[in-house]
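Only one structure is covered here, and it is reproduced in the block below.
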């Protein structure tokens, strides 16, 4: 597929005024058409200010002279109609000097070429460094996604990959436990964070140390040493415990009878029972009873401490399930031991062994110590939260740096190498630029004697004369070299020029400015020319001349024609942009340019609901489906009617357009008589206009609709033109269009119909 040629400005992105991120891709020659207020000047201003422009690779605005003709140009250069800067061109020069200038100019081109090559190489390394950085920061960002999500407050100020990667390179990597960091982060940054009381430990019951003898009694039978006859009987029966327990319940039984067998008891039974148990026996039982009391008290006190721990405001990080389990186990052991001591008291002769509590108590205390460590850490953070928050943030970044250590190391090594190469190119570029600048200074110095304003003044005055403007000319201002004035024929400065005259002279000045130079070196850069609606208030003669000058500049741009010798391939106008609302001017300057698809582009600027749009006017080529072609956005009035006909979709507007097309084509172009045309078409083509299906009533709807359309033409001589009869018979817009097509077929003008229906493809 044929591609468009793009030099200089590659893209224009307009995002100001009524434009919203509109992209324009210009070629060498660019025509813009749009009504006033659609945004033409906004585009021109963007080019002038280098806003939103993308340049050809290896080039920038510094490589071109952007020259814009607009209202500001007129105001700036012709305010007061005097002191207009002289326009310098190269005229007849000393051959020897000119030869030297030519030689040095060639040297400068070589030097500039070398400079651009160095700049290109540097840009390549800079681009490589930029891509290296992009890859590095993307890797850093992706690899640390989990860490960043876990510690969002530590990322404050580093929410973008750019800032994040820059900071990573500053941090010394340190490995940290991510779980510990989570705990620290949660406490230091919790909105509801506060201090918590610590758990109380349980120790060895102090009072129980005094009951070592009692503890020893648990493991041995307690018996009496009494030797009375009754004591010997009780001992033989091994009933000491039974007697003791029974006597406790039934002492001094009334009636003198045994509570069990109801037999009479001896009067001295109490003395006999008492004599069965000696003092040691009684002392051992008393010791056991005291042990039971103290053990129960001490153990219950310890258990109360453990239970109370759970009644405090608990730190959320503590898991108390294991603690609760062990406390319950301790309670069961204590309850069992209390039961065993009680049973020993009831049966002193029995032997019991208490379950140990030391192991479970130690385990509980170990848990309590762990709990207290967590609580102390939390309380320390709460006591100094700002310091802990900073410490947490520092540790998070150290962990991130540790995670990215290999990436940072690789990037630093490669970046150092690229930076060294870029620095080397910077030095070589500086040397090359210094050499180029010196050549430019030498060329300027030699050229000072070769430049003259007279060719410009003569060129402008000749154009004024040829255009019929005999009332004023341009003259060099006395005492002011390189400055010229607009003077009347009597020598006075022209102070009362009309707007059209002023605009015309201003454009002539601009035209010669484009071809020349405003400095005295005679050296110029390639031009990028922007012409924004130049024909305001001009008469037809001025407009014709301006159109011719613009076409000349377009021709120069398309063929790179050097202004002095006409050679092709010289450096002059690189790109040109013409923007206008004037259809006549647009057609004059763009005549026959639509065929140059590769180097010329057409654009239509429109505005709807205060939003501007730019359409590039290209379409598939007529004869080559794989290619595209330009088309002009400006059509003649008759072609515009057919464009409207193709787009209209409702009855009344459709019929209105049909009447205008028939009037213009049949009456004005073809010279038909309206009345005769109506009779001829309807009579001669009746079968084509009426459907006669078998056994059904004839359908004459198309006939009536055609009759109504042609009736309009037959009534023109009487001034009848309201067309109200169309409304009654027209079914829909498509039916109207179908009958309209049939009329052209009846007239034998179907070829013209097909051509105009495809006019969009044919407009040039």
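Brief remarks on what is shown
- Residue within the range 593-609 that is part of a loop (DSSP other than H, G, I, E, B), under 41 Å from the mean Cα position of the chain (by Cα), modelled with pLDDT under 85 and closer than 28 Å to residue 43 by Cα present: yes
- Lone unmet requirement of (1) more than 21 Å from residue 713 (Cβ to Cβ); (2) within 47 Å of the chain's Cα centre (by Cα) for residue 693: (2)
- Residue pairs meeting the criteria (Cβ under 6 Å; at least 6 apart or on separate chains; first without any contact (Cβ under 8 Å) to a residue 24 or more places away in the chain, in the range 488-515; second surrounded by 18 or more Cβ atoms within 10 Å (Cβ to Cβ)): 488/472; 488/494
- Yes/no for residue 547 being in the same structural domain as residue 42 (by TED's automatic domain parsing), surrounded by fewer than 16 Cβ atoms within 10 Å (Cβ to Cβ) and at pLDDT 70 or above: no
- Of all residues in the range 188-229, those satisfying the criterion of being part of a loop (DSSP other than H, G, I, E, B), modelled with pLDDT of 70 or more and within 14 Å of residue 294 (Cβ to Cβ) are 204, 205, 218.
- The number of residues in the range 157-185 being in a helix (DSSP H, G or I) and either free of Cβ contacts under 8 Å to residues at least 40 places away in the same chain or closer than 30 Å to residue 297 by Cα (or both) comes to 9.
Rundown of residues vs (1) surrounded by 17 or more Cβ atoms within 10 Å (Cβ to Cβ); (2) at pLDDT below 85; (3) not in a loop (DSSP other than H, G, I, E, B), yes/no style:
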residue: 504; (1), (2), (3): yes, yes, yes
residue: 510; (1), (2), (3): yes, no, yes
residue: 541; (1), (2), (3): no, yes, yes
residue: 553; (1), (2), (3): yes, no, yes
residue: 570; (1), (2), (3): no, yes, no
residue: 577; (1), (2), (3): yes, no, yes
residue: 586; (1), (2), (3): yes, no, yes
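The values are calculated or read from the model by the stated rules, or taken from the named source; none is laboratory data. The structure presented is a predicted model; accordingly, all values stated were derived computationally and were not measured. Every residue, glycine as well, gets a Cβ built from its backbone with ideal geometry; the counts of neighbours run over all protein chains shown.
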